[in-house]
Amino acid sequence: HQEGFIIVLMWHAVRPTDDEPVTFKESVQGKLTDKEWQDLITPGTEINERWKSQVDVIAWFLKQLQYAGVPVLWRPYHEMNGDWFWWGKKAGDNGYKKLYRMLYDRLVHFHRLNNLIWVYGPNELNDNVDSYEKYYPGNDVVDVLATDVYHRGFAQRDYDELQALAGDKPIALG
């Protein structure tokens, strides 16, 4: 940051049902049952409390950057429109959108972090992923929209969907 670089952090969160250390494949790419997901988004449950503890640890590191005056492009729970992470393909108001908004609330309102530039980061559109809009948590909690591109390149439909959601917000390649 002191040399003029932009800091980007992407959080591959461990499942809140797991104790660290874990392996990426078994935990981050693991699954939650429907009941576990419901418990995760329900305040006061064991899984919800474990999740808050995870977030609080991350907040401590982000707070150090805030104190140092470092803005961060913050990309939590990316590629949610695919099914390869425990937070992926959770549609509806009690799905991914709820998790993202819970994280935003915990970091911004509880921890008072003000150095985060919130990046909504789905995966490029293809046969195995859903539209960007299906998981979009809302303009009030997103600053930048970006897509991750691995296989087909940044296609016109990727651009068009991002731009339609973004309005005046910047779009980017994640």
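The values are calculated or read from the model by the stated rules, or taken from the named source; none is laboratory data. Bear in mind the structure is a predicted one, so any value in this text is a computation, not a measurement. Don't worry about glycine lacking a Cβ; one is built from the backbone with ideal geometry, like all the others, and counts go over all protein chains shown. Note: accessible area is taken over every heavy atom of the protein model, side chains too, but ligands, DNA and RNA are not part of it. Shrake-Rupley method; radii C 1.70, N 1.55, O 1.52, S 1.80 Å.
Quick notes on this one:
- Given (1) at pLDDT 95 or above; (2) open to solvent by 70 Å² or more (accessible area, probe 1.4 Å); (3) not hydroxyl-bearing (Ser, Thr, Tyr), number of the condition ASP127 does not satisfy: (1)
- Candidates ILE47, ILE58 - the one that is over 15 Å from the mean Cα position of the chain (by Cα) and not in a loop (DSSP other than H, G, I, E, B): ILE47
- When ASP39, ASP19 are checked against the criterion of being in a loop (DSSP other than H, G, I, E, B) and among the acidic types (Asp, Glu), a single residue qualifies: ASP19.
- The residue that is farthest from ALA172 (Cα to Cα), counting only those in segment 62-112 that are open to solvent by less than 30 Å² (accessible area, probe 1.4 Å) and among the charged types (D, E, K, R), is GLU79.
- Top-ranked residue in segment 26-36 [being of a type outside the set (Ser, Thr, Tyr) and open to solvent by 70 Å² or more (accessible area, probe 1.4 Å); ranked as farthest from ASP83 (Cα to Cα)]: LYS35
- Subset of segment 13-25 [open to solvent by 60 Å² or more (accessible area, probe 1.4 Å) and not basic (Lys, Arg)]: ASP19, GLU20, PRO21, THR23, PHE24
- Single match in LEU145, LEU165 (criterion: open to solvent by less than 50 Å² (accessible area, probe 1.4 Å), closer than 20 Å to TRP74 by Cβ and assigned to a helix (DSSP H, G or I)): LEU165
- Members of segment 148-162 found to be in a loop (DSSP other than H, G, I, E, B) and either open to solvent by less than 20 Å² (accessible area, probe 1.4 Å) or charged (D, E, K, R) (or both), listed by number: ARG152
- Output for segment 61-117, where each listed residue is hydrophobic (A, V, I, L, M, F, W, C), assigned to a helix (DSSP H, G or I) and within 18 Å of THR17 (Cα to Cα): LEU99, MET102, LEU103
- Filter result for ASP39 (surrounded by 15 or more Cβ atoms within 10 Å (Cβ to Cβ) and at pLDDT 95 or above): yes
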